[in-house]
1. Of the conditions (1) open to solvent by 30 Å² or more (accessible area, probe 1.4 Å); (2) in contact with an Asp or Glu (Cβ under 9 Å, 6 or more places away or on another chain); (3) away from the ligand (no atom under 11 Å from the Cβ), Gly65 clears all except one; give me its number.
2. Determine, yes or no, whether Ala40 is touching a residue at least 24 places away in the same chain (Cβ under 8 Å), crowded, with 24+ Cβ neighbours inside 10 Å and in a helix (DSSP H, G or I).
3. Check whether at least one residue in segment 290-299 is open to solvent by 90 Å² or more (accessible area, probe 1.4 Å), assigned by TED's automatic domain parsing to the domain that holds Gly269, within 17 Å of Pro265 (Cα to Cα) and of a type outside the set (D, E, K, R), and report yes or no.
4. With respect to Gly229, is the statement that it is surrounded by fewer than 15 Cβ atoms within 10 Å (Cβ to Cβ), within 23 Å of the chain's Cα centre (by Cα) and at positive phi true?
5. For segment 5-37, give me the residue count where each residue is outside any loop (DSSP other than H, G, I, E, B) and either open to solvent by less than 20 Å² (accessible area, probe 1.4 Å) or of a type in the set (S, T, N, Q) (or both).
6. Are there any pairs, at least 6 apart or on different chains, whose C-beta atoms fall under 9 Å, with the first in segment 165-180 and under 15 Å from Trp211 (Cα atoms) and the second among the β-branched types (Val, Ile, Thr) and open to solvent by 10 Å² or more (accessible area, probe 1.4 Å), and if so, which?
7. Name the single residue that is surrounded by the most Cβ atoms within 10 Å (Cβ to Cβ) among those in segment 45-62 being touching a helix residue (DSSP H, G or I) at 6+ places or on another chain (Cβ under 6 Å) and under 17 Å from Gly113 (Cβ atoms).
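The values are calculated or read from the model by the stated rules, or taken from the named source; none is laboratory data. Values in this document were obtained by computation on a predicted structure and should not be read as measured data. No Cβ is skipped: glycine too gets one built from the backbone with ideal geometry, and neighbour counts run over all protein chains shown. Calculation scope for accessible area: heavy atoms of the full protein, side chains included, ligands and nucleic acids excluded. Shrake-Rupley method; radii C 1.70, N 1.55, O 1.52, S 1.80 Å.
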Amino acid sequence: MAKMNMLQAINNALDLAMAKDDGVVCFGEDVGHFGGVFRATSKLQEKYGKARCFNTPLTEQGIAGFANGMAAQGMKPVAEIQFADYIFPAFDQIVNETAKFRYRSGNEFNVGGLVFRTPYGGGIAGGHYHSQSPEAYFAHTPGLKIVVPRDPSQAKGLLLAAINCPDPVIFFEPKKLYRASVGEVSEDYYEIPLGKAEVLQQGKDVTVLAWGAQMEIIQKAVDMAQAEGISCEVIDLRSIQPWDVDTVAQSVMKTGRLVINHEAPLTGGFAAEIASTIQKKCFLHLESPIERVCGLDIPYPLALEKEYVPDHLKTYEAIKRSVNF
Ligand SMILES: Cc1ncc(C[n+]2csc(CCOP(=O)(O)OP(=O)(O)O)c2C)c(N)n1
């Protein structure tokens, strides 16, 4: 075991994947010698050469198209989109090509092994080009897997599973935690299965659910609620697509209440999908309406970031509303 922050854990995962399989290549804007704007690919070019870790021009559509072609030929491209806010120039390639490659070619080709890594989320005073959480746009596209880690050891295991996955994966990295989240990480190769949620804390009154950077936010709210005797079950979804319906439904059947938190705006956010599915699966077990604690329906603001974010206080209020309904 070694103490790593999330960036070091991601770098370590990429290093192990590249050592294990010559087909794994890393590329993106300033990813080569510079190691990426956050240094996630630091030293990989030195170690594996310019053919396996290299810079691209400033063209996200080109990065995604290039990744599609490489993956279709059997390589395992790990492409970095510098900020998730800049993934939209690649939207056509990802939605129309990456996600549909296997379907469209009658299973003759697929782009499994393709991973788009991209830092997402706010809380860093980065304004609207460095703060958005666009996971729901991609969750709406069958054929993609979507994964969001919450800490270094999870980031490593989930990224290695993504690179080894027979389907293309978008790996959203909570940039706020890149250096802030530090923990013990095994230096060995290991994978954490995709599509499986993690129950972090058992409870009986209310289920509180989030992913990525919002996990530490909901934990603060849960601690406040528990101090008042409210017993909370805490779930980290880990994968947005596919998401672990059974684990969430089992929990809500026990607690009868659900609070979902995500940083993306409320309307059309992934919490709506979860709420809809769970109200159908757990209808006769629900004691109160499912609560969504999300970002406001506005562009991500620079000046009013604190008002925008679904923080621990808003989450605590939702837990209280849910329990006192
Ligand atoms: C679509 C998009 N992708 C990525 C970025 C992030 N970004 C900001 S500046 C920059 C590097 C620009 O380099 P260059 O075009 O050589 O101009 P320089 O600032 O070095 O003069 C990048 C990648 C962006 N602003 N927009």
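1. All conditions are met except number (1).
2. no
3. Among the residues of segment 290-299, at least one is open to solvent by 90 Å² or more (accessible area, probe 1.4 Å), assigned by TED's automatic domain parsing to the domain that holds Gly269, within 17 Å of Pro265 (Cα to Cα) and of a type outside the set (D, E, K, R), which makes the answer yes.
4. Values: surrounded by fewer than 15 Cβ atoms within 10 Å (Cβ to Cβ): yes; within 23 Å of the chain's Cα centre (by Cα): no; at positive phi: yes.
No.
5. Going through segment 5-37 one residue at a time, the tally reaches 17.
6. Once the first residue is under 15 Å from Trp211 (Cα atoms) and sits in segment 165-180, its partners that are among the β-branched types (Val, Ile, Thr) and open to solvent by 10 Å² or more (accessible area, probe 1.4 Å) give Lys175/Ile124; Lys176/Ile124.
7. Filtering segment 45-62 for residues that are touching a helix residue (DSSP H, G or I) at 6+ places or on another chain (Cβ under 6 Å) and under 17 Å from Gly113 (Cβ atoms), the one surrounded by the most Cβ atoms within 10 Å (Cβ to Cβ) comes out as Cys53.
To keep it simple, each residue is scored yes or no on (1) away from the ligand (no atom under 16 Å from the Cβ); (2) in a strand (DSSP E or B); (3) at negative phi; (4) in the same structural domain as Asp21 (by TED's automatic domain parsing).
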| position | (1), (2), (3), (4) |
| --- | --- |
| Pro89 | no, no, yes, yes |
| Val111 | yes, no, yes, yes |
| Arg117 | no, yes, yes, yes |
| Pro142 | yes, no, yes, yes |
| Ile146 | yes, yes, yes, yes |
| Leu158 | yes, no, yes, yes |
| Ala161 | yes, no, yes, yes |
